[in-house]
Amino acid sequence: MTDTTSTTPRAKKRFRWSAVFDHSILILGSLFMLLPVFLALTTSSHDNVEIQREGLKFWFGSDIDENFGNAMFEKGGFTKTVTGMTMLMNSFILGIGFAIGKIILSMMAAYAIVYFRFRFATFAFWMIFTTILLPLEVRILPSYEVIQSIGLTNSYTGLIVPLLASATGTFFFRQFFLSVPEELVEAARIDGAGPVKFFIDILVPLSQTMIAAIFIIMFVYGWNQYLWPTLITTDEGLFTLVRGIRQIIQAYAEGSEIPEYGQAMALALIAMLPPVAIVIFFQSWFVKGLVESDK
Amino acid sequence: MKRAGFANYWLPILLLLPQLTIIAVFFYWPAFNAVQSSFYLQDPFGFGSQFVGFENYADLFASKEYAKVARFTLLFTLLVTATSLATALLLAVKADKVLRGARTYKTLLMWVYAVAPPVAGLMGVMLFDQNIGSVTDLFAWFGYDYRLGVNYWDTAFAMIIVSVWIQIPVNFIFFLSGLQSIPQHVREAAMIDNPSGFGRFWQITFPLLAPTAFFLLIINITYALFDTFGIIDTLVKNNPASNPMTLVYKVFVDGFRGNDMGGSSAQSVVLMVLVLALTIFQFRLLERRIHYT
Amino acid sequence: MANVSVKNIRKTYPNGTEAVMPCNFDIADGELVVLVGPSGCGKSTLLRMVAGLEDITDGELQIGDRVVNDLDPAERDIAMVFQNYALYPHMSVYKNMAYGLKNRGTSKEDIDHKVREASAMLNLDDYLDRRPSQLSGGQRQRVAMGRAIVRDPALFLFDEPLSNLDAKLRNQMRIEIRNLQRRLGVTAMYVTHDQVEAMTMADRIFVLNAGRIEQVGTPSEIYRTPASTFVASFMGAPPMNLLPATYNGNGSVHLNGETSLKVDAPKDHIGDIQLGIRPEEVKLATGKSATPFKLELIEELGASRLLHGKLAGHDFTVNAPNNDAPLADNLMLDIPSDALHMFDHETGKRL
């Protein structure tokens, strides 16, 4: 995706009103996307009692430090041991661990499938391919039982590794490897590069952009995991931010005192900040990865 | 496969081993367990299980509640898919058309991709809250008493809006990239052949977007069926009793809350078949190549 | 430096397709052989078999005094220049050229010496730090050449190396490659579908068709005495005119019953034949013995012009020198008897 400005020639004066219309729609759309988060931000800067009395706030108040401070550093949860910082760290471990694991596993598998002639290639391909048939949500209960029986609940391994059992990354790299000119591997073979050398010297450096793109997508995917962490981690020290949302909701549903609206909104904002920032800053990579991975 | 592939024997197996091991342990084993336990009736207290054949399935299809959840899932999927696709298409067409600020609009319309569904759900809970929610205020202004979590359809409304909100960015990105891959010379030829912008869209642009649209249709159905879990779980606030839910959420509720292993597994298998059907449908479409190159 | 010897080499794909029929040939040390033919004729497959990128189904391939059938490409002492150059996009020009040497364990000083020598030869000195994407098509071509040269191989393989260049650059690179090959004295196999490249560059040309070598010969042999109608029409631009005719056995062929042409050496094949006449071997004439030609269209080429029309009712092209004289619609042609090529009308083989 290159420049978004279309160069369609048009008569300047005749279409002015239609341009105003176009912009209005885009502004409305942008507002629809922005407004909830803006409200969360403004509300997070107010005192709970005030919010309870007057509803969500449309402008900034004075309690932003307190709410964010509490969200990050106050010990919460049932055991009062987990802080926002712990959850933030766990979220990063999950997001980065998942993304890196995914990239390594799927690059290796895709390399084997695309660049080798061996008997089980088709079998391996279909074995991996079949995983797109069953999202984790569908097989959640038996998956949980398997993890439990291996004793991986409440561990980073149990949190990350089962999420790696899918084909998405493998397909992405398979597509990309197939688009790498055939002659490159031939030239490398004539240059005396074996399979390992070719992979390390040529294919990996060549895939840099693709790796970055898939890293962003997988990081966001891992960071945003909800159901799996909810089941696997009962130990609050392993909670991620997104998993923490569930605690907030639970407290909110059960609690009789005034809920901590501001703090909840602050936590929601912290939970969305890193993935949103990455997607915005590395927009072109991310879009490239997204559009090409799903084709 | 490349024509000049390496003919090494052990290396490809070694390369595939980690991926295949993880898939075998965390995919095939659980999937197999799901199919197996869907034919068993499990004692809720963990004292063994009994083979019951298709009884779990029979119970499932006879269940009024299951039928209700299935109907809601269908409606929910249709509404979420249609609304988010239509909105995203409109926005993408406009974003492709404007000359100024195209980049800014693009960023503003896609960043929500990175927001986790439950985080969006939490914001939804606040916005639609009975006491403090702005949307609730808006409804009250129109004279409607909106009650999230109490009124079935009020909750459904919030679920749909939040789900659409999250899904617009993906659709927008794909539509925009689809529009931008329409070659300039085709646009120019259309400009010469058809003076009406509206006509050009429906006769030239839209057919050329059809492959993208079909692909997105499948993506959106899958999304509405499975990925909305976090939204539903937050919006029903841990209290699914009188609230709408989707099939996937019911698998979770029955399995973890109701301890109905067999029933939950049978539901899983039904969903597997559904996904299988969707995938086959998708591949048939791909085979027929709804594209024009 | 080495000679190449090919004995009964053949390529059959698992699905049964015969890509290359059994063929035998030898290439002398320092010779440049061009494999030419239409796409799908097996010329690239043959080259790739020599390179080791394609398995050899059957037969024996010898480079120098080694049988290399089962050797890896890297062990065959060859270098190859690809159609799309196949440069490593993430490496500088220098590293592209050095990569093969590095993999062979050549010392740093030796690599540097060889790369600089090659880059000087190819005028690439100023570009050694650039990436391939920062180079023009011609420069990339040179880097690909350089990568081959530094290896100092026994055999150079070229797979349509010029087809991604524009016409002007192609002419220039053609000469450069030829000069370079002569200077290095290295044996070379060169695949192309362009008959001009084949004619201008080759010591010997192998014309391939449908997996079979149709004819082997020097450019002038191929041009003067094409072994079949396929070779006759493939080599030469504009292609040789081919007309159905009958031969009566006593020194003349008949076109369409009425028009007849004299043949130099009588042949013992009486009956239907295919008659081949090169457009440039025909002259405009006025004499009575001349053959009538109905002019339909003139293509100006500058130095000469192509006259398209009908000879005895068949499409016919004449390549005439351009003297700007106006031409009438009905012309007379002088077709010398040594310009006539006779082919079997069924097999297309030369008679």
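The values are calculated or read from the model by the stated rules, or taken from the named source; none is laboratory data. The structure presented is a predicted model; accordingly, all values stated were derived computationally and were not measured. Glycine gets a Cβ as well: all are built from the backbone with ideal geometry, and neighbour counts include every protein chain shown.
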Within the stretch C:162-175, the count of residues that are modelled with pLDDT of 90 or more and closer than 28 Å to C:D112 by Cβ comes to 0
Inside the stretch B:179-206, can you point out the residues that are in contact (Cβ under 8 Å) with a residue 24 or more places away in the chain and farther than 30 Å from B:A116 by Cα? B:I182, B:F201, B:T205
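Scan the stretch A:219-255 residue by residue and report those that are of a type in the set (G, A, S), over 18 Å from A:E137 (Cα atoms) and more than 7 Å from chain B (Cβ to nearest Cβ).
Step one: filter the stretch A:219-255 for residues of a type in the set (G, A, S), giving A:222, A:237, A:244, A:251, A:253, A:255.
Adding the requirement that they be over 18 Å from A:E137 (Cα atoms) leaves A:237, A:244, A:251, A:253, A:255.
Answer for the stretch A:219-255, where residues must be of a type in the set (G, A, S), over 18 Å from A:E137 (Cα atoms) and more than 7 Å from chain B (Cβ to nearest Cβ): A:G237, A:G244, A:A251, A:G255.
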Per the filter on the stretch B:105-132, residues within 7 Å of another protein chain (Cβ to nearest Cβ), outside any helix (DSSP H, G or I) and either farther than 17 Å from A:P259 by Cα or not β-branched (V, I, T) (or both) are B:V115, B:A116, B:N131
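Within the stretch C:190-206, is there a residue that is among the aliphatic types (A, V, I, L, M), surrounded by 22 or more Cβ atoms within 10 Å (Cβ to Cβ), in the same structural domain as C:I149 (by TED's automatic domain parsing) and over 21 Å from C:G30 (Cβ atoms)?
Keep residues of the stretch C:190-206 that are among the aliphatic types (A, V, I, L, M), which gives C:191, C:196, C:198-199, C:201-202, C:205.
In the following step, the residues that additionally are surrounded by 22 or more Cβ atoms within 10 Å (Cβ to Cβ) were identified as C:191, C:198, C:201-202, C:205.
Narrowing the set further to residues that are in the same structural domain as C:I149 (by TED's automatic domain parsing) leaves C:191, C:198, C:201-202, C:205.
In the following step, the residues that additionally are over 21 Å from C:G30 (Cβ atoms) were identified as none.
No.
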Of these, A:I258, A:I216, which one is at pLDDT 90 or above, more than 8 Å from chain B (Cβ to nearest Cβ) and either assigned to a loop (DSSP other than H, G, I, E, B) or over 15 Å from B:L122 (Cβ atoms) (or both)? A:I216
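Given the criterion buried (at least 22 other Cβ atoms within 10 Å of the Cβ) and within 14 Å of chain B (Cβ to nearest Cβ), identify the matching residue among C:G52, C:G42. Talk me through it step by step, then tell me what you get.
Values: C:G42 fails: within 14 Å of chain B (Cβ to nearest Cβ).
From the options C:G52, C:G42, the qualifying one is C:G52.
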Return the residues of the stretch A:133-143 that are within 7 Å of chain B (Cβ to nearest Cβ) and among the hydrophobic types (A, V, I, L, M, F, W, C); say none if nothing qualifies. A:L133, A:L134, A:V138, A:I140, A:L141
Matching residues in the stretch C:84-130 - criterion: being at positive phi and either in contact (Cβ under 8 Å) with a residue 12 or more places away in the chain or surrounded by 14 or more Cβ atoms within 10 Å (Cβ to Cβ) (or both): C:Y85, C:A86, C:N123
Residues (more than 8 Å from chain B (Cβ to nearest Cβ) and either surrounded by fewer than 18 Cβ atoms within 10 Å (Cβ to Cβ) or free of Cβ contacts under 8 Å to residues at least 60 places away in the same chain (or both)) located in the stretch A:106-125: A:R119, A:T122, A:F123, A:F125
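From the list A:I103, A:I128, A:I96, pick out the single residue that is in a helix (DSSP H, G or I), on the phi < 0 side of the Ramachandran plot and at the interface with another protein chain (Cβ under 9 Å from one of its Cβ atoms).
Numbers: A:I103 fails: at the interface with another protein chain (Cβ under 9 Å from one of its Cβ atoms); A:I96 fails: at the interface with another protein chain (Cβ under 9 Å from one of its Cβ atoms).
Within the list A:I103, A:I128, A:I96, the selection yields A:I128.
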With respect to the numbered conditions (1) over 18 Å from the mean Cα position of the chain (by Cα); (2) without any contact (Cβ under 8 Å) to a residue 24 or more places away in the chain; (3) crowded, with 17+ Cβ neighbours inside 10 Å; (4) closer than 25 Å to A:V82 by Cβ, which one is the sole condition not fulfilled by A:Y226? (1)
Residues within the stretch B:256-268 that are facing another protein chain (nearest Cβ under 10 Å), crowded, with 23+ Cβ neighbours inside 10 Å and farther than 16 Å from B:T73 by Cα, tallied: 3
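Working only within the stretch B:232-241, note down all residues that are within 17 Å of A:Q247 (Cβ to Cβ), of a type in the set (V, I, T) and either over 17 Å from the mean Cα position of the chain (by Cα) or at pLDDT 90 or above (or both). Walk me through it before giving the result.
Filtering the stretch B:232-241 for residues within 17 Å of A:Q247 (Cβ to Cβ) gives B:233-239.
Pick out the ones that are also of a type in the set (V, I, T) and you get B:234, B:236.
Answer for the stretch B:232-241, where residues must be within 17 Å of A:Q247 (Cβ to Cβ), of a type in the set (V, I, T) and either over 17 Å from the mean Cα position of the chain (by Cα) or at pLDDT 90 or above (or both): just B:V236.
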Just to check your reading of the model, which residue among A:M85, A:M107 is under 21 Å from A:L238 (Cα atoms) and within 25 Å of the chain's Cα centre (by Cα)? A:M85
Among the residues that make up the stretch A:66-83, is at least one of them over 27 Å from B:L225 (Cβ atoms) and within 11 Å of another protein chain (Cβ to nearest Cβ)? no
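Here's the yes/no breakdown for (1) more than 18 Å from the chain's Cα centre (by Cα); (2) surrounded by fewer than 17 Cβ atoms within 10 Å (Cβ to Cβ):
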| position | (1), (2) |
| --- | --- |
| B:A82 | no, yes |
| B:T104 | yes, yes |
| B:G121 | no, no |
| B:V125 | yes, no |
| B:I160 | no, no |
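Condition check ((1) in contact with a Pro (Cβ under 9 Å, 6 or more places away or on another chain); (2) part of a strand (DSSP E or B)) across all residues:
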residue: C:Q139; (1), (2): yes, no
residue: C:R147; (1), (2): no, no
residue: C:Q172; (1), (2): no, no
residue: C:Q181; (1), (2): no, no
residue: C:V231; (1), (2): no, no
residue: C:L243; (1), (2): no, yes
